[in-house]
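Down below is the structure, laid out as structure tokens.
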Amino acid sequence: MALGEKNLTDAFPGVLAMATAVPPYILAQKDVTEHVKAVLGARSPVVQRLMPVFVNTGIERRYSCVPVSWYYDEHGWPDRNRTYIDSALALLEKATLEVLERANRNIEDVEAIVVVSTTGVATPSLDALLMQRLPFKPTTQRLPIFGLGCAGGVLGLARAAAIAQLKPGSLVLFLVVELCGLSFRRDDFTKSNIIATALFGDGATAMLLSTASVGPVIVASGEYTFPDTLDIMGWDVADDGLIAIFSSDIPQLVNDRLRAIATDYLAGQALQLSDIDVFLCHPGGAKVLLALENAFGLDTGALEDSRAVLREYGNMSAATVMFVLERALRLGKPWKRALVTAMGPGFTAAFVTLENR
């Protein structure tokens with residue numbers, strides 16, 4: 001779908017239900033700070049200078065699929081990836097059962113599964129593995145999506161909505177799971193590793209979509225990939241795991257470019273930024289949130305849902321913006337039109353427009 005292009009039918013896919021799931025281990029930010037001092041700080045003056053980042057993130061706690069003791073040991077790629085697959089499947093199963101219960105639907109009702117994840121590798125893919133744990137129909141369509149990073153929640157939602165629209169009345173299960181904490185590397189003293197350690201958390205979400213929904217509907221989606229920005233965000237792969245790539249240019253890029261891109265996207269729907277009642281944004285970090293508020297002409301602190309999710313769960317990559325959306329729907333504040341946004345490797349800005357009708 002082109003940037004800002006409207007769907008070609010009035011049978012818009014909508015949200016039947018949403019659910020979130022987090023792993024069992026809680027990481028209080030103040031405790032993480034002390035652990036990082038013990039594991040890395042004593043061996044590196046660079047880490048000592050970067051310790052204020054843990055206070056400045058705006059994060060109070062996060063969730064982890066492994067206990068704190070796991071982070072003290074060395075782990076190669078095979079070990080990390082096995083942990084990723086086992087933990088991701090557990091969270092996906094939990095979220096799937098919860099969202100089906102909330103919607104009063106059965107697994108056998110699901111016609112298609114879309115799964116987004118970029119923090120590990122699974123072949124067969126996570127959706128196929130999940131079908132061996134839960135009694136989905138063998139004819140269920142599958143779409144695994146890898147490599148979208150933080151933009152995966154919004155772009156995956158757009159892809160799931162497109163499938164739902166092609167199959168009017170059918171039930172599409174959209175899943176996101178990210179285990180970002182597994183990327184921590186105990187012998188990496190770089191700034192990117194320390195920032196990732198200060199931000200990253202683990203979590204999963206599930207959403208049921210159908211054109212038969214009475215909930216908010218997805219009326220449009222779009223994306224914009226910036227030229228010559230492949231080095232802005234992503235992963236490098238090492239023997240001992242994934243290495244986070246963060247550019248310090250991200251907040252400035254948001255400040256300078258996002259407003260014009262969002263304006264063009266909305267113009268394709270005959271809308272302006274002033275027509276948006278609520279902005280549901282992926283909270284990449286405290287500086288990015290300030291840049292987003294500036295780009296959209298909002299008061300400082302206006303992105304309340306995004307800040308609350310960052311504070312309570314940290315940055316869970318693609319899953320984070322879905323937590324933001326789930327919070328907004330659960331709290332039930334009145335709005336007619338919402339803009340859901342995220343940015344991720346590519347470097348790509350992603351948009352979905354929701355309407356309550």
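The values are calculated or read from the model by the stated rules, or taken from the named source; none is laboratory data. Computed from a prediction, not measured in an experiment: that's the story for all the values here. A quick note on method: Cβ atoms are made from the backbone with ideal geometry, for glycine too, and the neighbour counts reach across all protein chains shown. The accessibility values were calculated without ligands, DNA or RNA, using every heavy atom of the protein model including side chains. Shrake-Rupley method; radii C 1.70, N 1.55, O 1.52, S 1.80 Å.
Structure above, values below:
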quantity	calculated
Subset of the range 11-48 [in a helix (DSSP H, G or I), touching a Gly at 6+ places or on another chain (Cβ under 9 Å) and either more than 22 Å from Ala196 (Cβ to Cβ) or open to solvent by less than 70 Å² (accessible area, probe 1.4 Å) (or both)]	Gln29, Val47
Qualifying residues in the range 158-200 (those that are in a helix (DSSP H, G or I) and not hydrophobic (A, V, I, L, M, F, W, C)) - the one surrounded by the fewest Cβ atoms within 10 Å (Cβ to Cβ)	Lys191
Any helices (runs of 4 or more DSSP H) falling wholly within the range 250-326 and containing at least 2 residues that are under 18 Å from the mean Cα position of the chain (by Cα) and hydrophobic (A, V, I, L, M, F, W, C)	286-295, 304-313
Only listed residue being closer than 21 Å to Gly241 by Cα, charged (D, E, K, R), modelled with pLDDT under 95 and out of contact with any strand residue (DSSP E or B) (no Cβ under 6 Å at 6 or more places or on another chain), chosen from Asp73, Asp86, Asp31	Asp73
So Ser221, is it of a type in the set (Ser, Thr, Tyr), open to solvent by less than 10 Å² (accessible area, probe 1.4 Å) and either in contact with a helix residue (DSSP H, G or I) (Cβ under 7 Å, 6 or more places away or on another chain) or on the phi > 0 side of the Ramachandran plot (or both)	no
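Yes or no, residue by residue, for (1) open to solvent by 20 Å² or more (accessible area, probe 1.4 Å); (2) out of contact with any Gly (no Cβ under 9 Å at 6 or more places or on another chain); (3) closer than 30 Å to Ala212 by Cα:
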residue: Trp77; (1), (2), (3): yes, no, no
residue: Tyr84; (1), (2), (3): no, no, no
residue: Thr96; (1), (2), (3): no, yes, yes
residue: Ile107; (1), (2), (3): no, yes, yes
